[in-house]
Amino acid sequence: MGFEKEASSSSYYLPTYPREDTPLLAKAPPLSSKLKTFANIFISIVGAGVLGLPYSFKRTGWVMGLIMLFSVAFLTYHCMMLLVYTRRKLESIMGLTKINSFGDLGFAICGPIGRFSVDIMIILSQAGFCVSYLIFISSTLAYLISNTTTAPILGLTPKVLFLWSCFPFQLGLNSIRTLTHLAPLSIFADAVDIAAKSVVMVEDVFIFAKNRPHLEAFGGLSVLFYGIGVAVYAFEGIGMVLPLESEAKDKDKFGKVLGWGMIVICLLFGAFGALGYFAFGEETKDIITTNLGQGLVSTLVQLGLCINLFFTFPMMMNPVYEIVERRFCHYRYCLWLRWLIVLLVSLTALLVPNFADFLSLVGSSVCVVLSFVFPAMFHYLVFKEELGWSCIISDGAIVVFGVIVAFTGTWSSLAEIFASNA
């Protein structure tokens with residue numbers, strides 16, 4: 001394995017030129033208190049995926065949806081801790097060498113192919129998140145003007161026009177070199193996001209009390225993997241668990257803090273998904289905010305969520321830029337490459353008709369591999385001689401489950417997307 005070779009090296013100095021084994025994060029960040037670690041966990045996981053949960057509950061039924069959501073949350077937490085235990089084990093073997101990221105862990109265990117596999121999955125997942133952001137923004141803005149006009153402008157539908165209107169501004173935002181300069185935008189976006197989602201949940205309660213629509217508890221096995229894909233997408237934050245653990249001041253308590261964070265997030269996600277479905281029943285749309293109508297409060301909420309995702313886009317793309325600039329530009333900033341990636345993400349968003357279907361596709365095809373398959377496989381490779389058959393059974397079961405969900409969920413989501421396009 002890759003870590004055995006590196007552990008025997010007589011030099012721990014950083015190389016003069018970037019190599020495959022050079023960690024992405026060379027400088028140790030300041031340590032965080034338990035409260036700050038909890039807040040960082042919350043910010044890292046809560047994203048646009050929650051907006052697709054009400055529609056997913058409509059498809060799967062609310063009881064089945066909650067069961068899948070809680071099960072995915074538990075399995076995600078377990079796999080996050082597998083990464084932490086694996087990193088700790090390797091660092092005890094490797095001495096001074098630090099493993100700062102998911103890609104570093106992949107290299108330490110499997111060599112260049114390990115880092116390459118993780119890098120590819122991170123690129124696809126982060127880019128997939130940003131595609132969903134553009135779909136949400138363009139669909140929501142098109143909905144808000146639907147009472148005014150639906151006619152094509154310059155041969156473009158309102159949805160396509162809004163998507164391309166975002167393009168030049170995203171070129172500018174994605175030209176910013178470091179996340180430090182994006183920090184004020186991040187704080188603003190998070191504040192708007194929390195306020196908007198809180199308003200949505202309150203509105204859902206009042207609408208449910210008034211309408212009392214018919215609800216389905218179970219939607220059948222045919223939509224099982226669809227719902228799992230959306231749930232996995234909603235909890236996708238596994239790429240941040242190693243940096244967060246590195247920054248934690250009390251590392252022995254990190255697992256407990258992460259566990260409480262997952263519990264709080266899981267309850268919030270469950271409430272958001274269930275309330276959205278309870279309020280509108282079979283009328284629940286793939287973007288839940290479009291169910292709220294076009295009043296002043298609803299418009300402000302939808303605009304707030306659009307603003308949040310608009311400014312979150314460049315931050316979610318930053319890991320992609322780190323990887324491609326490391327691989328193709330020797331860590332040097334490359335403007336044209338960033339612009340090309342933004343163009344490709346925008347073109348992909350044009351081809352996807354349904355927000356929730358795309359969430360399920362990304363969750364099933366990419367996030368499942370990152371969240372379940374890789375952590376269990378890496379843990380097995382490091383601990384197989386120490387843990388024996390118990391390790392083989394538990395880690396092997398997770399890998400098999402992840403592969404099954406990846407194939408069946410991807411097929412189900414693609415079928416839904418192609419059916420919508422037909």
**Asked** Which Cα, out of Thr37, Tyr226, Val382, lies furthest along the positive dipole direction of the chain (beta carbon charges, K/R +1, D/E -1)?
**Response** Thr37
**Request:** Sort Val192, Val405 from largest to smallest accessible area, using a 1.4 Å probe on the heavy atoms of the protein chains.
**Result:** Val192, Val405
**Prompt:** How many angstrom separate the Cα center of the range 369-422 from the Cα center of the range 253-307?
**Reply:** 27 Å
**Complete:** In whole Hz, the Karplus estimates of ³J(HN,Hα) for the range 44-56 (6.51, -1.76, 1.60; θ = phi - 60°; x where Gly or Pro) are 5, 9, 6, x, 6, x, 4, 5, x, 5, x, 5, 5
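Given R₀ = 45 Å, FRET efficiency for Ser175-Ile393 by Cβ-Cβ distance, to 0.05?
Between Ser175 and Ile393 the formula returns 0.35.
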**Fill in**
Calc'd 3J(HN,Hα), the range 300-308, phi into Karplus 6.51 cos²θ - 1.76 cosθ + 1.60 (θ = phi - 60°), Hz, glycine/Pro = x, comes to 5, 4, 5, 5, x, 5, 5, 4, 4
**Request:** Determine ³J(HN,Hα), in whole Hz, for all residues of the range 391-408 in sequence, where each value follows from phi through the Karplus function 6.51 cos²θ - 1.76 cosθ + 1.60 and θ = phi - 60°; x replaces Gly and Pro.
**Result:** 5, 4, 5, 5, 5, x, 4, 5, 4, 4, 4, x, 5, 4, 5, 4, 6, 5
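Restricting to DSSP H runs of at least four residues, report the calculated mean residue ellipticity at 222 nm for the chain, -39500 (n - 2.57) per run over all residues, nearest 500 deg cm²/dmol. Please list the in-between numbers first.
Details: 16 runs with 295 residues, N = 422.
About -24000 deg cm²/dmol.
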**Complete:** Dipole check, the range 286-378, charges on Cβ (K,R +1; D,E -1), about Cα centroid: among Pro314, Thr290, Val352 the Cα furthest to the positive pole belongs to Pro314
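Skip the ligands, DNA and RNA, and give the accessible area per residue of the range 343-422 with a 1.4 Å probe, whole Å². Write down the numbers at each step before the final one.
Numbers: 3530 Å² over 80 residues.
Counting only protein heavy atoms, the per-residue value for the range 343-422 is 44 Å².
Let me spell out the model: positive unit charges on the Cβ of Lys and Arg, negative unit charges on the Cβ of Asp and Glu, origin at the Cα centre of the chain. What dipole size does that give, in debye rounded to 20? Intermediate values should be presented prior to the final figure.
On the way: 27 positive and 27 negative charges, 120 e Å.
Computed charge dipole of the chain: roughly 580 debye.
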**Overall form of the range 236-339 per C-alpha gyration tensor (a/c, 1.5; a/b vs b/c)** = oblate
**Complete:** Sorted by chain and then number, the residues having a modelled amide H within less than 5 Å of the amide H of Ala248, at least 5 places away or on another chain, are Ser32
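Sort Tyr380, Tyr85, Tyr277 by accessible area with a 1.4 Å probe, largest first.
Numbers: Tyr380 75, Tyr85 105, Tyr277 0 Å².
I get Tyr85, Tyr380, Tyr277, largest accessible area first.
Calculate, for Val202 and His330, the FRET efficiency according to 1/(1 + (r/R0)^6) with r their C-beta to C-beta distance and R0 41 Å; round to the nearest 0.05.
0.20
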**Item:** Burial ranking of peptide ranges 72-84, 335-347, 223-235 (average Cβ count within 10 Å, highest at the top)
**Value:** 223-235, 72-84, 335-347
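The values are calculated or read from the model by the stated rules, or taken from the named source; none is laboratory data. Quick caveat, the model's predicted, so the values are computed rather than measured. Ideal geometry is used to build each Cβ from the backbone, glycine not excepted, and the neighbour counts take in all protein chains shown. Heavy atoms of the whole protein, side chains included, go into the accessibility calculation; ligands, DNA and RNA do not. Shrake-Rupley method; radii C 1.70, N 1.55, O 1.52, S 1.80 Å.
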